[in-house]
1. Return the pair list, or none, for Cβ contacts closer than 6 Å from residues in the stretch B:6-29 that are without any contact (Cβ under 8 Å) to a residue 40 or more places away in the chain to residues that are surrounded by fewer than 20 Cβ atoms within 10 Å (Cβ to Cβ), at least 6 apart or on different chains.
2. Please determine whether any residue of the stretch A:50-69 is out of contact with any Phe, Trp or Tyr (no Cβ under 7 Å at 6 or more places or on another chain) and among the acidic types (Asp, Glu).
3. Could you list, in sequence order, the residues of the stretch B:80-129 that are within 22 Å of the chain's Cα centre (by Cα), more than 11 Å from every other protein chain (Cβ to nearest Cβ) and part of a helix (DSSP H, G or I)?
4. Can you find a residue that is among the small types (Gly, Ala, Ser), within 17 Å of A:LEU27 (Cβ to Cβ), surrounded by 19 or more Cβ atoms within 10 Å (Cβ to Cβ) and assigned by TED's automatic domain parsing to the domain that holds A:ARG72 anywhere in the stretch A:123-132?
5. Inspect all residues belonging to the stretch A:24-34 and state whether any of them is assigned to a loop (DSSP other than H, G, I, E, B) and surrounded by fewer than 24 Cβ atoms within 10 Å (Cβ to Cβ).
6. Quick check on this structure: which one of A:GLY79, A:GLY93 is crowded, with 19+ Cβ neighbours inside 10 Å, at positive phi and assigned by TED's automatic domain parsing to the domain that holds A:ALA38?
7. Quick check on A:ARG143: is it assigned to a strand (DSSP E or B), at pLDDT 95 or above, within 22 Å of the chain's Cα centre (by Cα) and of a type in the set (Lys, Arg)?
8. In the list B:GLY152, B:GLY135, B:GLY182, which residue meets the criterion of being at positive phi and outside any helix (DSSP H, G or I)?
There are 2 protein chains.
Amino acid sequence: MKIGKYSFEEFKERAAAFHGYPSPGLLAGGYMVEAARARLSEGTLFEAIVETPKCLPDAVQLLTVCSIGNQRLKVINLGRYALILFDKTTGIGYRAFLDLDKLDRWPHIKGWFMKLIEKERQDPERLLAEIKEAGNSICTVNRVRVASGFIGRSHMSKIARCPICREAYPAEDGPFCLGCKGEAPYEISNDSPAG
Amino acid sequence: MKIGKYSFEEFKERAAAFHGYPSPGLLAGGYMVEAARARLSEGTLFEAIVETPKCLPDAVQLLTVCSIGNQRLKVINLGRYALILFDKTTGIGYRAFLDLDKLDRWPHIKGWFMKLIEKERQDPERLLAEIKEAGNSICTVNRVRVASGFIGRSHMSKIARCPICREAYPAEDGPFCLGCKGEAPYEISNDSPAG
């Protein structure tokens with residue numbers, strides 16, 4: 001079964017190049033993305049929400065134009081292996097999740113997904129073979145309506161210069177930037193000019 | 001000036017394919033990623049933090065193996081156009097930011113970055129030409145030490161089945177999943193089988 005316009009092997013190669021290795025979650029995720037997309041009307045301008053930061057965001061980024069950097073993909077960590085593709089004007093869309101009720105036929109997928117088999121004892125070849133054979137038959141798709149906060153563009157704030165770090169930041173964040181409010185998780189240890 | 005192994009034009013094409021269009025932030029970001037990477041010793045296994053969700057995460061994802069889905073890229077929104085690449089075992093790394101003090105020679109870059117020029121009145125061709133010519137000369141790189149919470153792998157939780165939605169979730173999230181605790185920003189409106 002193809003993953004969008006790619007054969008399983010082609011998608012596996014793209015997954016390895018982008019993600020570092022062809023993770024089971026990314027390969028199964030490819031089928032999930034396409035299962036959700038297949039429900040949208042042709043030509044729908046859609047955005048995406050993914051409910052876990054693990055692997056699945058990369059399936060969306062590889063198969064659709066929704067990315068973290070263009071802000072058409074949001075990660076909301078609910079700990080579930082699920083994604084939503086939704087019409088960005090109406091909020092109506094489709095949620096695909098990996099369905100435990102459909103895993104009994106696939107012991108390697110179930111063992112990996114539920115962490116029943118330790119990583120060292122997994123058989124990656126048989127696991128990937130099961131993912132390829134199962135295709136989208138292990139996911140379930142539901143129609144959803146996304147909350148209004150996700151519909152439409154966020155407004156653009158004016159840009160100010162932070163009086164502390166001297167960098168640019170959104171003026172709406174206050175008199176100085178969030179980094180200088182103590183939210184930066186690092187210490188700057190010295191200066192070294194670029195270029 | 002090249003962006004890693006790509007010419008400016010090659011990177012522009014890759015940016016358009018991944019991000020939907022070759023945004024100025026993504027192109028300038030490409031030079032920033034490479035300016036930070038150039039400071040790391042050859043062969044360093046590194047991870048990334050980006051301080052804005054806008055455009056810059058995609059520069060990291062296009063030029064390094066750090067991605068949202070493999071969790072080697074984290075977005076911590078501090079509202080600043082800055083990224084850090086750091087050694088994942090020591091937390092020592094380099095932070096590149098777009099430096100306002102270096103923009104006076106580049107009126108189109110400054111106008112875009114500080115939102116001094118409305119989007120409709122920007123001249124995209126001259127803006128991109130400035131970005132190409134400026135290369136990494138508009139960013140400054142500092143050495144940083146990332147907080148210990150970002151070093152090393154997060155542990156793997158056991159997987160449980162949520163008694164409400166019946167989906168898999170990390171057992172450490174509690175007796176039921178975060179989605180069923182009311183954090184899901186959507187309503188499920190009906191079922192429709194996949195496949």
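1. From the stretch B:6-29, the pairs are B:GLY20/A:VAL65.
2. yes
3. Once the filter is applied, which keeps residues that are within 22 Å of the chain's Cα centre (by Cα), more than 11 Å from every other protein chain (Cβ to nearest Cβ) and part of a helix (DSSP H, G or I), the stretch B:80-129 yields B:ILE109, B:LEU127, B:LEU128.
4. Filtering the stretch A:123-132 down to residues among the small types (Gly, Ala, Ser) leaves A:129.
The next check asks that each one be within 17 Å of A:LEU27 (Cβ to Cβ); those that pass are A:129.
Next, only the ones that are surrounded by 19 or more Cβ atoms within 10 Å (Cβ to Cβ) stay: none.
Checked the stretch A:123-132: no residue is among the small types (Gly, Ala, Ser), within 17 Å of A:LEU27 (Cβ to Cβ), surrounded by 19 or more Cβ atoms within 10 Å (Cβ to Cβ) and assigned by TED's automatic domain parsing to the domain that holds A:ARG72.
5. Initially, the stretch A:24-34 is screened for residues assigned to a loop (DSSP other than H, G, I, E, B), giving none.
There is no residue in the stretch A:24-34 that is assigned to a loop (DSSP other than H, G, I, E, B) and surrounded by fewer than 24 Cβ atoms within 10 Å (Cβ to Cβ).
6. On the way: A:GLY93 fails: at positive phi.
Answer to the selection: A:GLY79.
7. Numbers: assigned to a strand (DSSP E or B): yes; at pLDDT 95 or above: yes; within 22 Å of the chain's Cα centre (by Cα): yes; of a type in the set (Lys, Arg): yes.
Criteria met by A:ARG143.
8. Values: B:GLY135 fails: outside any helix (DSSP H, G or I); B:GLY182 fails: outside any helix (DSSP H, G or I).
Testing whether each residue is at positive phi and outside any helix (DSSP H, G or I) leaves just B:GLY152.
The values are calculated or read from the model by the stated rules, or taken from the named source; none is laboratory data. The structure displayed is predicted, hence computed values, not measured ones. Counting neighbours? That spans all protein chains shown, and the Cβs are built from the backbone with ideal geometry, glycine included.
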